[in-house]
Amino acid sequence: MSTLSPTYRAWKQLSGRPGGSLMFSAAAMVRVPYFASVLPRVVTMEPGYAEVAVPKWFFVYNHLHTVHAIASCNAAEAAMGMAMEATVPTSHRWIPKAMNVQYLAKATTSLRAHARVNVPDFETLTKGTDVVVSVSVVDTSGEEVVHADITTWVTPA
C-alpha cells in the first residue's frame with residue numbers, strides 16, 4: 001500500500017500539539033515562499049479536504065482596501081496544495097495544470113479557503129489524469145467571495 005506524503009506526515013505530527021498548526025504553516029511558507037505574502041495558516045488537512053485561513057492585512061490590500069484578486073487565488077492554491085498533499089500517496093505525484101476562478105464578491109475581511117477533492121482510486125490510476133480540486137474562498141460571515149476550480153495533473157511517481 002502507498003504511504004503518506006512527507007507534508008501530510010508532518011501535519012499529522014504537528015497539528016495536535018500546541019502551536020503545531022502555526023509551526024507547520026510557517027514551515028510551508030519556507031518551502032513555498034510565494035505564499036508568504038498571504039500568511040496562510042493551515043486549519044485542517046486530511047485526504048479529500050483542506051482549509052487554510054488568510055488574514056486581511058496590509059500586503060493583500062488593493063486600491064479598494066479589500067483583499068486583492070491574486071491574494072484570493074494564492075489562498076485557493078495554498079488550500080488546494082494542502083488537500084492534494086494529504087490526498088495523493090507517495091506512489092503518485094501531482095502538479096497544478098489550470099485554474100478557473102470566479103470573483104463573486106468583494107473580499108472585505110479575512111478569508112478561509114476550503115479545498116475539496118474527490119479522491120481517486122490510486123490503485124487503478126496507472127497513467128496521467130486530471131483531478132479537479134474545488135476551492136471555495138469565504139469571508140468571515142461565510143459568504144463565498146471567490147470560487148476556483150484547480151485542475152491538477154496526477155501521475156504515477
Check: With (1) touching a helix residue (DSSP H, G or I) at 6+ places or on another chain (Cβ under 8 Å); (2) buried (at least 17 other Cβ atoms within 10 Å of the Cβ) as the list, and Thr44 as the residue in question, which single condition is left unmet?
Finding: (1)
Note to self: Step by step: first the residues of the stretch 1-57, then only those that are of a type in the set (S, T, N, Q) and touching a residue at least 60 places away in the same chain (Cβ under 8 Å), then the one that is nearest to Met82 (Cα to Cα). Which residue is that?
What the structure shows: Thr7
Next item on the list: Hey, could you check the stretch 58-74 for residues that are in contact with a Phe, Trp or Tyr (Cβ under 9 Å, 6 or more places away or on another chain) and not hydroxyl-bearing (Ser, Thr, Tyr) and say which is surrounded by the most Cβ atoms within 10 Å (Cβ to Cβ)?
Entry: Val67
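Each row is one residue, and each column tells you yes or no for (1) touching a helix residue (DSSP H, G or I) at 6+ places or on another chain (Cβ under 9 Å); (2) farther than 20 Å from Ser134 by Cβ.
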{"position": "Tyr49", "(1), (2)": "yes, no"}
{"position": "Ala53", "(1), (2)": "yes, no"}
{"position": "His63", "(1), (2)": "no, yes"}
{"position": "His68", "(1), (2)": "yes, yes"}
{"position": "Lys97", "(1), (2)": "no, no"}
Notebook entry, point to check: Do we find that Leu14 is surrounded by fewer than 19 Cβ atoms within 10 Å (Cβ to Cβ), more than 27 Å from Ala105 (Cα to Cα), in contact with a Phe, Trp or Tyr (Cβ under 8 Å, 6 or more places away or on another chain) and not β-branched (Val, Ile, Thr) in this structure?
Noted result: yes
Item checked: Subset of the stretch 118-157 that is among the polar types (S, T, N, Q) and farther than 19 Å from Ser5 by Cβ - its residue that is surrounded by the fewest Cβ atoms within 10 Å (Cβ to Cβ) -> Thr124
Next item on the list: Select from the stretch 76-110 the residues that are under 14 Å from the mean Cα position of the chain (by Cα), assigned to a strand (DSSP E or B) and not aliphatic (A, V, I, L, M) and write down the one among them that is nearest to Val145 (Cα to Cα).
Entry: Pro96
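Out of the residues in the stretch 29-53 that are of a type in the set (Gly, Ala, Ser) and modelled with pLDDT of 95 or more, which is nearest to the chain's Cα centre (by Cα)?
Our first condition is that a residue be of a type in the set (Gly, Ala, Ser); within the stretch 29-53, this holds for 36-37, 48, 50, 53.
Next, from what is left, pick out any that are modelled with pLDDT of 95 or more: 48, 50, 53.
Numbers: Gly48: 11, Ala50: 6, Ala53: 10 Å.
Step by step, filter the stretch 29-53, then rank; the result is Ala50.
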Check: Exactly one of (1) under 13 Å from the mean Cα position of the chain (by Cα); (2) aliphatic (A, V, I, L, M); (3) within 21 Å of Val132 (Cα to Cα) is unmet by Leu4. Its number?
Finding: (1)
Notebook entry, point to check: Does any residue of the stretch 58-75 turn out to be without any contact (Cβ under 8 Å) to a residue 40 or more places away in the chain and either among the acidic types (Asp, Glu) or in a strand (DSSP E or B) (or both)?
Noted result: yes
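The values are calculated or read from the model by the stated rules, or taken from the named source; none is laboratory data. Being a predicted model, the structure only gives us computed values, none of them experimental. Every residue, glycine as well, gets a Cβ built from its backbone with ideal geometry; the counts of neighbours run over all protein chains shown.
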